[in-house]
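Enquirer: Right, I'll just put the structure down here and ask away after.
The values are calculated or read from the model by the stated rules, or taken from the named source; none is laboratory data. Since the model is a prediction, treat every value here as computed from it, not as a measurement. Counting neighbours? That spans all protein chains shown, and the Cβs are built from the backbone with ideal geometry, glycine included.
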Amino acid sequence: MNAGKRPGGLTALAVMNFVMGGWGLLVTLGFVANLAVLLDLIPKSAQLEESTEHLVAIGIPGLVAILVLCFLTASLLILSGIGYLKQKRLLGRTLGNTHAVTGMAYKILMATILSPEIGGGFQLETIIGLVYPLLTLLLLNTAFKRDLVN
């Protein structure tokens with residue numbers, strides 16, 4: 001394939017990364033807000049108190065670990081999406097593979113630590129969160145291996 005011609009599948013993968021990465025950054029902001037409530041940086045209302053009682057059981061260290069993994073996964077999605085568009089080996093393939101591993105770890109952590117009421121448990125989002133990284137690993141290391149050469 002010509003070095004200047006990017007396959008449509010690689011472009012589609014990049015677009016999916018941007019969409020999922022943007023969603024991940026929004027989820028990260030939600031965890032920042034929850035952390036601010038738990039640290040009493042934001043005054044609690046009765047409704048807010050009730051919605052954060054599940055997070056109290058996780059504790060500050062657990063919430064910080066989830067927050068860091070969520071931000072890291074979202075950032076890797078966006079950066080690897082840029083790498084796919086530019087057909088860069090390091091930015092695309094390496095960070096894409098790194099995202100796949102951290103993304104699966106993040107989803108497994110979310111499914112096991114958090115209660116279903118706040119995004120944990122085995123849900124449709126968990127399936128998507130595990131299938132997409134597996135699909136990315138497969139595509140980056142087979143079909144698009146020769147396209148990420150720069």
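Enquirer: Go through the range 71-102 and count every residue that is within 8 Å of the chain's Cα centre (by Cα) and either aliphatic (A, V, I, L, M) or modelled with pLDDT under 90 (or both).
Expert: Selection size over the range 71-102: 4.
Enquirer: Continuing with the same structure: Could you list, in sequence order, all residues of the range 112-132 that are surrounded by 16 or more Cβ atoms within 10 Å (Cβ to Cβ), at pLDDT 80 or above and hydrophobic (A, V, I, L, M, F, W, C)?
Expert: L130
Enquirer: May I ask you to say which residue of L85, L137, L95, L148 is surrounded by 15 or more Cβ atoms within 10 Å (Cβ to Cβ) and within 15 Å of L72 (Cα to Cα)?
Expert: Answer to the check: L95.
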